[in-house]
Amino acid sequence: MRKLDVAGPRGIIRRYRDHLPVGDDTPVVTLDEGDTPLIFSERLSSKVEAEVWLKYEGLNPTGSFKDRGMTLAISKALEEGSQAVVCASTGNTSASAAAYAARAGMVCAVLIPEGNVALGKLAQALVHGAKVFEIEGNFDQAQKLTQQMSEQHPFTLVNSVNPYRVEGQKTAAFEVVEALGRAPDLHVMPVGNAGNITAYWRGYREAHELTWSSSLPAMFGFQAEGANPIVRGEIVQDPKTVATAIRIGNPASWSGAVDAATSSGGRISSVRDKEIIEAYKGLAEEGVFVELASAAGVAGLLEMHRAGAVPAGSTIACVLTGHGLKDPDWAMSTAPRPRKVEADIEVILAQLDMA
Ligand code: AN7
């Protein structure tokens, strides 16, 4: 009897170890992250008259792209003898840090902005045993505090200013290139603290140098209109958007995002909350459940199409950064209520208008 094929190495450190800063002695703290699907979108492709592929990063172990960078950041922290990590977060980084720190047996402290973290993310950080502090302030203030904690106290900072985070996250670009056989023409994604666009651009450039792809994509990043410091060219003191994950007024990797956009021939732009919500609904209608911030890239792509900026027939990769289950409150607030009925098939059929 033929055995099932043994799958290749699991987790981004094992799969891409030749392209990451790890050695034989680096412990591998992994939850088998990465290897996420690149889903073809019929609906978006016909809308924008191009080939649109969705990189569904919500299918990582903790439900967001953050796991790619966290596996490496936590593994390196452990290798360096650190016993505690700290991060500021709009939610997903803290969920991921909490899970990987738990796996490594490390202490994890997280600082989150009070009242602006989606329920699922908060639940994750708490369940994995992180020490969670809701600060009376926003993400940018939390980020300053964690910087001080890591400079003055024995905490390893695992925000994306930690260089291993960006290194790990670049592997998503490798996977897109593997799946398409080359880089896309356009790469579209949300931008918050700007670590991820920095990482994708690095990943695409390395894939190009390694001759995995003969071309490079133009990189398009989208901030929410009320939290768009890079577009404005100045810090936004009181950032506001329904997409709490990207409610950031002073991104740590600002220059990385500008570099990705300008050197690739792309752009950083804003999308309105209304457009983000529309894009979120559209994705749900084709079976893809994301959190609001993740829909910002799609919203941006649709806006580009309206402006005539999507070349017909081009290949487009669109990153969906986090899972819809992260934010059940938002999902429920816009969806219809379930109907309460008697346990009677006739009653149910009558309500369905199918009797
Ligand atoms: C779903 O968790 O900043 O531009 O602290 O959770 O790399 O910051 C999250 C960011 C996009 C933006 N989509 O990525 C955090 C945090 C989702 C996110 C972003 C985030 P970056």
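The values are calculated or read from the model by the stated rules, or taken from the named source; none is laboratory data. All figures in this text were calculated on a predicted structure; none of them were measured in a lab. Positions of Cβ are backbone-derived with ideal geometry, glycine not excepted, and every protein chain shown enters the neighbour counts. Side chains included, ligands, DNA and RNA excluded: accessible areas come from the protein's heavy atoms. Shrake-Rupley method; radii C 1.70, N 1.55, O 1.52, S 1.80 Å.
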Computed over the stretch 66-161, the convex hull of the Cα set has an average projected area, in nm², of 5.2
The longest stretch of the chain containing none of the GluC sites (Glu not before Pro) that sit in a DSSP loop with at most 15 other Cβ atoms within 10 Å is 137-233
accessible surface per residue for the stretch 18-155, probe 1.4 Å, DNA/RNA/ligands not counted, whole Å² -> 41
Dipole check, the chain, charges on Cβ (K,R +1; D,E -1), about Cα centroid: among LEU186, LEU157, ALA284 the Cα furthest to the positive pole belongs to LEU157
With +1 at each Lys and Arg Cβ and -1 at each Asp and Glu Cβ, the charge dipole magnitude of the stretch 66-161 around its Cα centre, to the nearest 20 debye, comes out at 260
Taking the alpha-carbon centre of each part, the distance from the stretch 140-210 to the stretch 259-312 in Å is 19
Taking a ≥ b ≥ c as the square roots of the Cα gyration tensor eigenvalues, with a/c under 1.5 meaning rounded and otherwise prolate when a/b beats b/c or oblate if not, the stretch 208-319 comes out oblate
Under 17 Å between C-alpha atoms, the lysine pairs in the chain lying 8 or more places apart or on different chains count 12
Rounded to two decimals, the Rg over Rh value of the stretch 255-347 from Cα coordinates and the Kirkwood Rh reads 1.14
Between the residues GLN83, PRO113, GLN147, the Cα farthest towards the positive end of the dipole of the stretch 66-161, that dipole coming from +1 and -1 charges on the beta-carbon of Lys, Arg, Asp and Glu, is from GLN83
Taking Cα atoms only, Rg over Rh for the chain with Rh from the Kirkwood formula is 0.99
Helix-only [θ] at 222 nm, the chain, -39500 (n - 2.57) per DSSP H run of 4+, per residue, nearest 500, equals -12000 deg cm²/dmol
With VAL127 itself left out, Lys, Arg at +1 and Asp, Glu at -1 over residues whose Cβ is under 15 Å from its Cβ give +4
From highest to lowest solvent-accessible area (probe 1.4 Å; ligands, DNA and RNA excluded), VAL132, VAL341 read VAL341, VAL132
log10 I(q)/I(0) for the stretch 139-213, Debye formula on C-alpha points only (no solvent), q = 0.11, 0.18, 0.23 Å⁻¹, two decimals, reads -0.37, -0.73, -0.98
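Please identify the helices of the chain, taking whole runs of DSSP H, that span at least 24 Å along their own axis as judged from the Cα atoms and have a mean Kyte-Doolittle score of 0.0 or higher.
Working: long enough: none.
Qualifying helices: none.
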So, over other residues within a Cβ distance under 13 Å of MET304, counting Lys, Arg +1 and Asp, Glu -1, the net charge is -1
To the nearest 20 debye, the chain has a Cα-centred charge dipole, built from +1 on Lys and Arg Cβ and -1 on Asp and Glu Cβ, of 260
